[in-house]
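Here, each number is a calculation from the coordinates, and none is a lab measurement. Because the structure is predicted, anything quoted here is derived from the model rather than measured. All Cβ positions, even for glycine, are placed from backbone atoms using ideal geometry, and neighbour counts span all protein chains on display.
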There are 2 protein chains.
Amino acid sequence: MLDHVVETTMAVSGEHPIKMSNASVPVVHEVEIIDELGRRKPTFIPGERSLTIYLDKREVVTLMTLGSAPEALVLGYLRNQRLVESPEDIESIQVDWETDSAAVKTRRSTVDIEAITSKRVVTTGCGQGTMFGGLMEDMAQIRLPEGPKLHQEAIVDLLEQIRAHETIYKKAGSVHACAVFERDGEKVRLLHLIEDVGRHNAVDSISGLMWLAKRRGEDLIFFTTGRLTSEMVIKGAQMGIPFLLTRSGVTQMGLELARKTHLTLLSRCSGKHFEIYNAPERVVFQSS
Amino acid sequence: MLDHVVETTMAVSGEHPIKMSNASVPVVHEVEIIDELGRRKPTFIPGERSLTIYLDKREVVTLMTLGSAPEALVLGYLRNQRLVESPEDIESIQVDWETDSAAVKTRRSTVDIEAITSKRVVTTGCGQGTMFGGLMEDMAQIRLPEGPKLHQEAIVDLLEQIRAHETIYKKAGSVHACAVFERDGEKVRLLHLIEDVGRHNAVDSISGLMWLAKRRGEDLIFFTTGRLTSEMVIKGAQMGIPFLLTRSGVTQMGLELARKTHLTLLSRCSGKHFEIYNAPERVVFQSS
């Protein structure tokens, strides 16, 4: 058990480093099951634990998470819920699994938390469904750039890298993965792969890491094992990433939002197979 | 398009019928995709729309839903979030897809909404993740009865009925199903199957229907295509249902809650296969 691993590290973000714990606990539990023939067998299931976020000592939310990247999750949550304007506004993030809490201290409070948290939307995503504020309206202002192209070889390369990756899913199932890649000619390079019991935790964690690294979304490609519902597309567009790929499917509002923001959306991605649902002009086919 | 179907029906619930709309809109959209060989093909995706719940003119939440059973969803949401004590406290539920809203009128307000909504937990489930109040603490008081047994034949029968059912999933994918059955000797009888883009919407809708029908949980069996995370097990236990079956997997906290409440939990159910994770003594094997 890795229950109480709390280290303090420094994450360099511009001139103002964030003082951050490193309390990762990706725990897989072995349990005994009985199958349909009455046989007792060992199997593995993923952990699920609660993490309560306190922003300047104010309780914001309790997330249910695997716990593999809690500081990144907190960062991404604050980013995507617009509770902090910039990573530079954050002085420290301290995750403590003894109390299942994350204490965030800001340098300056720039956001009216009261006003933002008053509007609540529960979305269709796995996991972290709540979104504050009028995010849907903001979508109207996002238009992703025409420029970036993605080669068919790069798509196949990306899917092969995902397939080959050592994952908690392979051992225990019941988690979603999100990954972010950068383009490297006709190949792609994996930057991060994060798994969580909630797919929204996984995308928020990626979002947090990209925010911290000040990565421009237009250089990136985003992959998820989960469905592209409205909220997932909103998060992708907010990160400014023009390519969203899923192993799974798409909902009507997810597609509508991809159309509005000019986001290239690929679904049912597996092996060499994919289905382009929007903005196919960014995909360069092998034969062309 | 079935966008504006709003009928008024009476749902009989004890002495006090609820005046209820019947605004079901399970919409599947046809869209054109391009596959990896550059071929254009038609395919289907499920709808996803927002539904804002107003409780006595007070805005409570906005859910993202398929829209197949909106009144049941509203009922189940109010039940599971403990915003109403009994269906008899509800005078009317009117869903209007022109304004994407559900207006709920109570006969008497029995609950301190302000106090309940102040504590927010975002859970790992697909869909409706937010839970108000200290539900986890309440779990300690639930202990499901020893009595009910489930025959192996009934499990296989149940899975066959699910497989044979006409579903939106078969046509469009990207939705989760929840179903509730009653035991009928060594067989089972399907009472309701509800699909939604959020699996928590699906379970809440079932919960709403069972609440309205005043069905005792101990006579029922609950099936879901989604994972049994903490929140799903909490909802099952709150309905008093001793059997939770999933096609998918289980998280550690889901299992822990099943142990605490003495709930029989079956995972990886498909065809004749199942894995019992807790309380196997309620399952009667064919050979025994």
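Packing-wise, with mean Cβ within 10 Å as the measure, how do A:273-279, A:187-193, B:145-151 rank, highest first? Before the final figure, lay out the partial values.
Details: A:273-279: 21.1, A:187-193: 17.1, B:145-151: 14.3.
The peptides rank, most packed first, as A:273-279, A:187-193, B:145-151.
Give the shape of region A:65-112 as rounded, prolate or oblate, defined through the alpha-carbon gyration tensor: a ≥ b ≥ c are the square roots of its eigenvalues, a/c under 1.5 means rounded, and otherwise the shape is prolate if a/b is larger than b/c and oblate if not.
prolate
Among the trypsin sites (Lys or Arg not before Pro) in region B:208-288, which ones are in a DSSP loop with at most 15 other Cβ atoms within 10 Å of the Cβ? Mind listing them?
Passing both the DSSP loop test and the Cβ count: B:Lys214, B:Arg216, B:Lys272.
How much of the DSSP bridge set in region B:150-284 is antiparallel, in percent, rounded to the nearest 5?
65
Principal axes first, then extents: for the Cα atoms of region A:41-83, list largest minus smallest coordinate on each axis, whole Å, largest first.
46, 16, 13
Which net charge results when you count Lys and Arg as +1 and Asp and Glu as -1 among the other residues whose beta-carbon is under 11 Å from that of B:Ser174?
0
Which three numbers, in whole Å and largest first, are the semi-axes of the equivalent ellipsoid of region B:217-288 derived from its Cα gyration tensor as √(5λ)? Please list the in-between numbers first.
Working: eigenvalues 61, 39, 25 Å².
Largest first, region B:217-288 gives 17, 14, 11 Å.
Please give me the summed charge of the neighbours of A:Ile34: other residues whose Cβ is under 10 Å from its Cβ, Lys and Arg +1, Asp and Glu -1.
With Lys, Arg at +1 and Asp, Glu at -1, the neighbours total -1.
Express in nm, to one decimal, how much length is gained between B:Thr167 and B:Gln141 on full extension, taking 0.36 nm for each residue of separation and deducting their alpha carbon distance. Write out the running numbers ahead of the final one.
Details: separation 26, 0.36 × 26 = 9.36 nm, distance 3.67 nm.
Taking 0.36 nm per residue and subtracting the Cα distance, the gain is 5.7 nm.
What does the structure give for B:265-271 when I average, per residue, the other chain Cβ atoms found within 10 Å of the residue Cβ?
If you average over the peptide's residues, the count of other-chain Cβ atoms is 2.
Rounded, prolate or oblate: pick one for region A:150-284, where a ≥ b ≥ c are the square roots of the eigenvalues of its C-alpha gyration tensor, a/c under 1.5 means rounded, and failing that, prolate if a/b is larger than b/c, else oblate.
Taking the square roots of the gyration eigenvalues as a ≥ b ≥ c, region A:150-284 is rounded.
Near A:Lys19, which lysines are there with a Cα under 25 Å away, not counting those fewer than 8 places off in the same chain?
Filter leaves A:Lys57, A:Lys105, A:Lys214.
For peptide B:43-56, compute the average count of partner chain beta-carbon atoms within 10 Å of each residue's beta-carbon.
Partner Cβ neighbours, averaged per residue: 4.
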